[in-house]
Amino acid sequence: MKGLWRRAVVVGLALTVAACGRGGVDAKRIAAADGAEWLTYGRTYDEQRFSPLAQVNKDTVGKLGVAWWAEFDTDRGQEATPLVADGVLYTTTAWSKVYAFDARTGKQLWKYDPKVPGEAGFNACCDVVNRGVALWKGRLYVGTIDGRLIALDARTGAVAWDVQTTDRTKPYTITGAPRVVKGKVLIGNGGAEYGVRGYVSAYDADSGKLAWRFYTTPNPKGAPDGAASDRVFRDKASATWSDGVWKESGGGGTVWDAITYDPKLDLVFIGVGNGAPWNHKLRSGGKGDNLFLSSIVALRPETGEYVWHYQTTPGESWDYTATQHIMLADLNIGGVERRVVMQAPKNGFFYVLDARTGALISADKYVPVDWAERIDLSTGRPVEAPSARYRDGGISQQASSPLGGHNWQPMAFSPREGLVYVPAMRNRGFYADALGFKFIPGAWNTGLTRAQAGPNTPSPKPATPPLATGELIAWDPVARKARWTLALPAAWTSGVLATEGGLVFHAAGNAFTAYDANDGKALWSYDAGANVIAPATTYAIDGEQYVALMVGVGGAPMGGDQPRRPGRLLVFKLGGTVKPPPYPAAVAMPPLDLAAATPSKGDADRGAALFGQFCGACHRIGGLLPVLPRSPAILDGEGFKAIVLDGALKANGMAPFRRYFDEAGAEDIRAFLLWQAKQPAPAPKPGGASHG
Ligand code: CA
């Protein structure tokens, strides 16, 4: 009965707030959020993604059906968290487009296209995705693939300001959602694989003026930046870097996802990414921890001043980013109430840190990983496996892969259960030095071999493809172990939502499922028609609870094995009866008529090397982008050059490659692809070659 009463109160509150919340979103309203609205990326500043709504619960979830839906004009990955305020649902799609819908009826109110140039997609390692908007005082903020931060009128979609947050001559991108803290819009960026220097910026929400910037790697020129980070680099961080490629590449350390604010401690926590290049021996001569790569850094929101950091992976050499979801909670640990920061970064350890000091409380393997035996709780450092650093020409095939034990997909925390729900992966990566590495601005620069087998050159990669499987883990951060784990039918799965209704919403493949938060029993499932990777959100209007979900696969594995389907937004409620039409059946690509190909005089082995270096990161077997050995584009040399060298398809994201190789190089690649087209097709399997 207590539960029912609580539900009635929550729904009643929902009505009140929806009716009187016209003053715009601010910190007070975010703090008071009762679940009727979803006002910021992680619902509240603590980013627990837990909703107090309970109309949809263990007893009623069986009646959940579609209330309304929408379809978008892009078939690339959909990663956005839909926000809801004042009866309006705001979401973004691939290519950084923004949509506003009536959250009750689904009527589209406005849309905004920042008109990102298609070739900017070339700079995005992991698809042209966008994870959503921020709301603040009648405005909405979105970051774009070409590095802009744009303020829109939340009512009309009209542009208030539009600022370039990055150097456009460098391969920066923005895929993450901004957060607004104390009137400042916080935004990071991505691009470490291609050679950039990471930072997070704060812009005045009113004027769009830069308030502060915090760099995560030292200035390669050795000079101060005139930025908030100058002091900590002078005092301690610069000394953790040695001579190496970072002076050309910028060192990486991009802040491409997690930015979390704690109003209690008045601290902002940023998650910092991998090194550029990944290979520590090349990046920094194999010396030094390279602060602040793969770290959580706490900053003052008003000034960007450094407060503390914790580095999950010192001397990062594997793409083990700490950009993953940073969540705050109050936990009773050993009889003491602790304010904690929690993260499950790519390296496979679940970290619990003291939010005030950054002191390590615990770090435990949430998936089986063997790159390190354990994290030494006294030093806070990993005890690495002897082979992990692939020294002296060695290779390491280790867990996790660059895709990580967990990637960007947000976790959720249920205070009812005391559990963090982690969309996790088991995978193994292959690491070996690139031979004759040379930094090439804007190209794929990991410092690891990407050698591709040609007719006369064997691949150094193991013949068995790395395993990749998905799991949903209910992690108890106090007991430091999983309470339950579900094996999933896909590896690259969705973000998570937890609710007071005792439910956990999560999608794997096409199946969007509600689980019992307590024991992981599946209570309801819906076939979304296409793969889902985005996290669901929930809200209430007029006494009815809704669950919203973006549909459409993409991101780091660029789509797995599924044919491309237009992105959709599905919104559910109890008793919903709408049936979105099924996607058209996939049309199988006809087999390539190789007899019709213009014979190539190119060198297929040289083409294999070029393909590995410049093309393989995006055009993978089983990828979202065309699988080139099956593409008619390789049949004709002139047409192939028009696309590869001259940008005939640049509006679609295929940038011209003339800056990297010439006609002869393009023909060598075509010779390699024609050779590959004749080989028996390998089984498509996303996993080891991917990253994020
Ligand atoms: Ca990365």
The chain - percent relative contact order, Cα under 8 Å, separation 6 or more | 14
Might you report the magnitude of the Cβ-based charge dipole of the range 152-205 about its Cα centre, with Lys and Arg at +1 and Asp and Glu at -1, to the nearest 20 debye?
-> 140
Helix 663-677 versus the longest principal axis of the chain: what angle, 0 to 90°, nearest 10, using Cα atoms?
-> 80
Where in the range 426-455 does the amide nitrogen come within less than 18 Å of the point 7 Å from the Cα of Thr169, taken along Cα to Cβ?
-> 440-443
Around Asp519, with a cut-off of 14 angstrom between Cβ atoms, what is the net charge of the other residues, counting Lys and Arg +1 and Asp and Glu -1?
-> +1
Length gained if Asp330 through Asp376 is fully extended, taking 0.36 nm per residue and subtracting the Cα-Cα distance, is 14.2 nm
For Gly273, what is the net charge nearby, where nearby means another residue's Cβ is under 14 Å from its Cβ and Lys, Arg count +1, Asp, Glu -1?
-> -1
Would you list, by chain and number, the lysines whose Cα falls below 30 Å from the Cα of Lys247, excluding same-chain residues fewer than 8 positions away?
-> Lys170, Lys209, Lys221, Lys236, Lys281, Lys287, Lys346, Lys438, Lys461
Please work out the average accessible area per residue across the range 19-141, using the 1.4 Å probe convention, and give it in Å².
-> 31
Counting only residues 5 or more places away or on other chains, whose amide H sits under 5 Å from the amide H of His309 once H atoms are built in the peptide plane?
-> Ala298
Which residue, chosen from Ser401, Ala355, Ala372, occupies the Cα position most advanced towards the positive end of the dipole of the chain, where the dipole is computed from +1 (Lys, Arg) and -1 (Asp, Glu) charges on Cβ about the Cα centre?
-> Ala355
Distance between modelled label sites at Val578 and Arg234, nm, 7 Å Cα→Cβ extension | 5.8
Would you mind working out the magnitude of the charge dipole of the chain relative to its Cα centre, with +1 at each Lys and Arg C-beta and -1 at each Asp and Glu C-beta, to the nearest 20 Debye?
-> 440
Sorted by average packing, counted as other Cβ atoms within 10 angstrom per residue and highest first, what order do 392-400, 569-577 take?
-> 569-577, 392-400
Lys, Arg +1 and Asp, Glu -1 on Cβ, resulting dipole of the range 523-611 about Cα centre, debye, nearest 20 | 120
What is the set of long-range amide H partners of Asp75 at a cut-off below 5 Å, with H atoms built 1.01 Å from backbone N?
-> Gly567
Rough spin-label spacing in nm, given labels placed 7 Å along Cα→Cβ, for Ala27 and Asn456 | 6.8
Mind checking which of Ala597, Pro584, Met550 is farthest towards the positive end of the range 532-667's charge dipole, using Cβ charges of +1 (Lys, Arg) and -1 (Asp, Glu) about the Cα centre?
-> Met550
Per-pair calculated FRET efficiency, R0 = 25 Å: Asn652 and Thr156 via Cβ, rounded to 0.05 = 0.25
Percent carbon-and-sulfur accessible area, the chain, ignoring ligands, DNA and RNA, probe 1.4 Å = 54
Would you mind getting me the FRET efficiency between Ala588 and Lys137? Use the beta-carbon distance for r and R0 = 41 Å, nearest 0.05.
-> 0.20
For the range 472-522, calculate the relative contact order in percent as a whole number, restricting contacts to Cα pairs under 8 Å that are 6 or more residues apart.
-> 25
Counting only heavy atoms of protein chains, what accessible area per residue, in Å², does the range 389-489 have with a probe of 1.4 Å?
-> 41
Considering only the other residues whose Cβ falls under 13 Å of the Cβ of Trp161, what net charge follows from Lys and Arg at +1 and Asp and Glu at -1?
-> -1
Starting from the Cα of Ala359, step 7 Å along the direction of its Cβ; do the same at Arg564; then give the gap between the two resulting points in nm.
-> 5.3
Using the heavy atoms of the protein chains alone and a 1.4 angstrom probe, what is the accessible area of the range 207-251 per residue in square angstrom?
-> 52
Hey, can you rank 153-161, 487-495, 75-83 by average C-beta count inside 10 Å, highest first?
-> 75-83, 487-495, 153-161
Take each of the peptides 526-538, 95-107, average the number of other beta-carbon atoms within 10 Å over its residues, and list them starting from the highest.
-> 526-538, 95-107
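The values are calculated or read from the model by the stated rules, or taken from the named source; none is laboratory data. In this text, all values refer to a predicted model and were calculated from it rather than measured experimentally. Neighbour counts are summed over all protein chains in view; Cβ atoms, including those assigned to glycine, are modelled from backbone coordinates with ideal geometry. These accessible areas exclude ligands, DNA and RNA; they are computed on the full protein's heavy atoms, side chains included. Shrake-Rupley method; radii C 1.70, N 1.55, O 1.52, S 1.80 Å.
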